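See structure below.
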């Protein structure tokens, strides 16, 4: 007599449910740690994310997960918590007019040139800056420094790898593609990798714009901070602009997002137009 076979049973993992109070508490913690504002319209997303983070931490209640974070502001879980709520919307040569302005600026600006991409995400913006520098500087491998930072460690890991789908690199000028990218073959078909000479121009590092530690003994000719300040409140925006003013050289440029206007927050920068400011 044959032994009956047990049917396969697939059970979905139980995701802890986050209450409105949990979501509000998580928003306060994220604001205090990273300055990021979560709008109340994002409550469903916040609740789902909290449930998944709680489960991954091996806990059964969201409250326990938040207690754990609050007890230790330096625990490794904090990085994953911040990463989970970071929006990484970026593209190569996004807002093309900025790179046209950058190209003209670096072609005339004396070296050494120091550029800071302060919200680098997965690297598209930083590599767009590097390509622009190479196209407009006579000797870009000497006297040019590009620092690219972000608070999201996962995004920075992708940026350091410099591997993108062919669709992602479509905004790159066609003539530049063979100069700066290697196309994948075999298992890598459909992907492209930034060439070593370009990758080596950019130093990627974790950085919190509302944190206490800023680049020490460093000043910049150009700072990119695009479509990032909208996630901070007015107080943090003003503080960040004051810090940018302190580390940017006279005549240096600050590039911001297409929907961002900070003329009413600071007198340290003068608007040139097209969301580009100059340090007086």
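The values are calculated or read from the model by the stated rules, or taken from the named source; none is laboratory data. In this text the structure is predicted, and so the values were computed from the model without any measurement. Glycine gets a Cβ as well: all are built from the backbone with ideal geometry, and neighbour counts include every protein chain shown.
Structural remarks
- Total residues in segment 235-261, condition surrounded by 18 or more Cβ atoms within 10 Å (Cβ to Cβ), touching a helix residue (DSSP H, G or I) at 6+ places or on another chain (Cβ under 6 Å) and over 22 Å from residue 113 (Cα atoms): 1
- Across segment 141-157, the qualifying residues are those that are buried (at least 21 other Cβ atoms within 10 Å of the Cβ) and in a strand (DSSP E or B), and the one among them that is modelled with the lowest pLDDT is 150.
- Residue within segment 112-127 that is surrounded by fewer than 17 Cβ atoms within 10 Å (Cβ to Cβ) and free of Cβ contacts under 8 Å to residues at least 40 places away in the same chain present: yes
- Any hit, segment 88-110, residues being farther than 30 Å from residue 275 by Cβ, in a loop (DSSP other than H, G, I, E, B), outside the structural domain of residue 225 (by TED's automatic domain parsing) and modelled with pLDDT of 85 or more: no
- Restricting the search to strands (runs of 3 or more DSSP E) fully inside segment 158-210 and requiring at least 1 residues that are in contact with a helix residue (DSSP H, G or I) (Cβ under 7 Å, 6 or more places away or on another chain) and free of Cβ contacts under 8 Å to residues at least 12 places away in the same chain gives an empty result.
- The residue of segment 230-280 that is modelled with the lowest pLDDT, among those that are under 24 Å from residue 108 (Cα atoms), in a loop (DSSP other than H, G, I, E, B) and in contact with a strand residue (DSSP E or B) (Cβ under 6 Å, 6 or more places away or on another chain), is 280.
- The set of residues in segment 216-229 being part of a loop (DSSP other than H, G, I, E, B) and closer than 28 Å to residue 28 by Cβ consists of 226, 227, 228.
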